[in-house]
Amino acid sequence: MEWHTIVSVMFGAIIVVGVVSFLYQLYSLVVIDAKTRGIKHPRFWGLFTTLGNNTGNGLLVYLIRRRNCPVVNITEKDKLEISKKKKATGIGLSFICLGTIGILICQMVL
């Protein structure tokens, strides 16, 4: 096995870690947001936004749904949790970008 194949697999693993982290943090953000807005079945909406072939469609539907639901009860704990989840989501996206760039560089070396 050549070195670029091994390195490509390592960057692929980084992408998988980034995707799993990103989807979990997105799920958590949607659940917290739905609870603070008083939307029924917040876990359903969390799953709806993260599962499926195209995550963007589920998120778009949720964002349209929440438009008419103002924030009812948000605590300082929820605000702090949302802030942490946003940062963790960004880290997940960074892992995805890093892995993708690494794989592209390995393929260009061939």
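Read-outs: derived from the displayed coordinates by stated rules, not from any lab. Since we're looking at a predicted model, the values are computed, not measured. Cβ placement follows ideal geometry from the backbone for every residue including glycine, while neighbour counts extend to all protein chains displayed.
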Q) Given DSSP loops and a limit of at most 11 other Cβ atoms within 10 Å, what is the longest stretch of the chain that contains no such trypsin sites (Lys or Arg not before Pro)? A) 68-110
Q | Between helix 76-109 and the chain: long-axis angle, C-alpha atoms, 0 to 90°, nearest 10 | A | 20
Q: List the GluC sites (Glu not before Pro) within the range 1-82 that fall in a DSSP loop (any state other than H, G, I, E or B) and whose Cβ has at most 14 other Cβ atoms within 10 Å.
A: 2
Q. Which whole-number percent is the relative contact order of the chain (Cα, under 8 Å, 6+ apart)?
A. 47
Q: Specify the angular offset, from 0 to 90 degrees and rounded to the nearest 10, of the alpha carbon long axis of helix 3-37 from the longest principal axis of the alpha carbons in the chain.
A: 0
Q: Show which lysines lie in cross-link reach of residue 86 when reach means a straight Cα distance below 17 angstrom and same-chain residues fewer than eight apart are skipped.
A: 35, 77
Q: At 0.36 nm per residue, minus the direct Cα-Cα distance, what do residue 109 and residue 93 gain on full extension? Give it in nm, one decimal, please.
A: 3.3 nm
**Q.** From the coordinates shown, log10 I(q)/I(0) by the Debye sum over Cα atoms at q = 0.14, 0.20, 0.23 Å⁻¹ corresponds to which of [x] -0.64, -1.00, -1.18; [y] -0.56, -1.16, -1.48; [z] -0.52, -1.06, -1.33
**A.** [x]
